[in-house]
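Laboratory data are not the source of any read-out in this text; all were calculated from the coordinates shown. Just so we're clear, the structure is a prediction, and the values are computed from it rather than from any experiment. Please note: Cβ atoms are built from the backbone with ideal geometry, for glycine as well, and neighbour counts cover all protein chains shown.
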Amino acid sequence: MVATTSELLVEARGRLGILTLNRPQATNALSFEMLRGLTAALEDFARNPSIDAVLVRNEGRAFCSGGDLLEILAQPAGPAFERRRREYFATEYALNYRIHTFPKPYIALIDGLTMGGGCGISLHGSHVVATERTLLAMPETAIGHFPDAGATWFLNRLPGEMGVYAGLRGLRLSSGDVVAMGLASQFIQSSAIAGVVKALTAAARLDRKVVNDILADFAGKPAPSTAAARQARVDELFAGATVEAISETLAGAKESWAEAALGVLQHASPISLKVSLRMLREGRNMPIDEALRREYRICMRITGGHDFREGVRAALIDKDNAPRWQPDRLDLIDDATVAAYFAPLAPAEQELALSAP
């Protein structure tokens, strides 16, 4: 056993380091202590010669519903809130980079709901394993935030305009979707997870070939992808240069899924939508370190603004689903306002620091 807390279990079995998200009552939402624990564990596993690979898994029916936004907003606006949000997101994004550049196989078993920060601690790994219970989404525009945790990189791995569709709309992707579109490298049945862990821990070594072979032994076939079947139409409907153009095109579509997407866009934070579209479009082929530093700049502006606190209030606190956005219309937001979210931080602020394991 390397270390353990009530919310994160860290252990070594054979040549495998195992990280278990153990906060099922909160859908394994990432607390600040969990982020720090994951960081410390990966630092230890990276330099430990007796560990060849790392596996992250979950207790309960959710893999990870994302960052614990209620923890971040527990403090009223002021110095305590400013300090906590900077510490939280700097730690989270640095962890995402550590996973992305981890020198050993990193296996994420996304067995259940996987959203926001949950995508950040899984999709950057070398091996992403979906099950029939996988449901993956980045729903941030609905709460006044934006797709982060390296979404610039992983949403842009989706074909065509699918990343824009998923990011603006908060589309929920099934196991069939994530496998068909390359976000997951393997599919196994949830009932086979114990067997996978047993086989990994019994192996005399765990280089990438051995990990690949073990996962292949348990591989199954997911249900067909609904999202992938829409690819050509998604590329047409989400090709617009602006959120307004995309919304106008969706308004003329007859498909029920397009009507649903338009409904989400009409309800989401206008500034979140505009910032997210620019981030995704301009972030194609952007290196991961540059993408995360840019996301941190956006995050420091957007989480310090009105819409983030209001969106979390409406969705998670009062649960009235009636956010009052400011501004409340797309046409009230000009290009200069959006560009300001991407600008370097002020000299008194600290840019995101990143280091590989």
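Summary table
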quantity	calculated
Estimated distance in nm for a label pair at residue 334 and residue 5, the labels positioned 7 Å out from Cα along Cα-to-Cβ	4.6
Top of 111, 307, 335 by mean-square fluctuation, Gaussian network on the chain, Cα under 10 Å	335
Where trypsin sites (Lys or Arg not before Pro) fall in DSSP loop in the range 300-357, at most 13 other Cβ within 10 Å	319, 324, 329
Per DSSP, loop chymotrypsin sites (Phe, Trp or Tyr not before Pro) in the range 309-357 with at most 16 further Cβ within 10 Å	342
For the range 3-340, share of DSSP beta bridges that run antiparallel, in % to the nearest 5	30
Hypothetical label at residue 101: residues of the range 326-355 whose amide nitrogen lies under 11 Å (7 Å Cα-Cβ projection)	353-355
Estimated dipole of the chain in Debye, rounded to 20 [Cβ of Lys and Arg +1, of Asp and Glu -1, Cα centre]	720
Between the range 329-357 and the range 77-117, the Cα center-to-center distance that results, in Å	19
Whole-angstrom gap from the range 134-199 to the range 209-280, using each part's C-alpha centre	11
Residue with peak Gaussian network fluctuation, the chain [Cα springs, cutoff 10 Å], from 244, 92, 161	244
Paramagnetic reach from residue 82 in the range 291-307 [backbone N under 20 Å; point 7 Å along Cα→Cβ]	296-307
Charge dipole (the range 3-340, unit charges on Cβ, about Cα centre) - positive-most of 64, 214, 227	214
Estimated dipole of the range 135-209 in Debye, rounded to 20 [Cβ of Lys and Arg +1, of Asp and Glu -1, Cα centre]	360
Choice from 188, 214, 110 showing the highest fluctuation, given a GNM over the chain with Cα pairs closer than 10 Å	214
Surrounding net charge for residue 206, when Lys and Arg each add one and Asp and Glu each subtract one, Cβ distance under 9 Å	+2
Against the rule of thumb 2.2 N^0.38 Å, how large the Cα Rg of the range 234-357 comes out	1.18
Expected 222 nm ellipticity per residue - DSSP helices of 4 or more, -39500 (n - 2.57), all of the chain, to 500	-12500 deg cm²/dmol
Shape box of the range 190-250 [Cα atoms, principal axes, largest first, Å]	57, 23, 16
Most positive-pole-ward Cα, 77, 107, 245, against dipole of the chain from beta carbon charges	107
The range 38-86: Rg to Rh, with Rh as the Kirkwood radius over Cα pairs	1.16
Residues residue 321 and residue 74, FRET efficiency given R0 of 25 Å [Cβ-Cβ distance, rounded to 0.05]	0.70
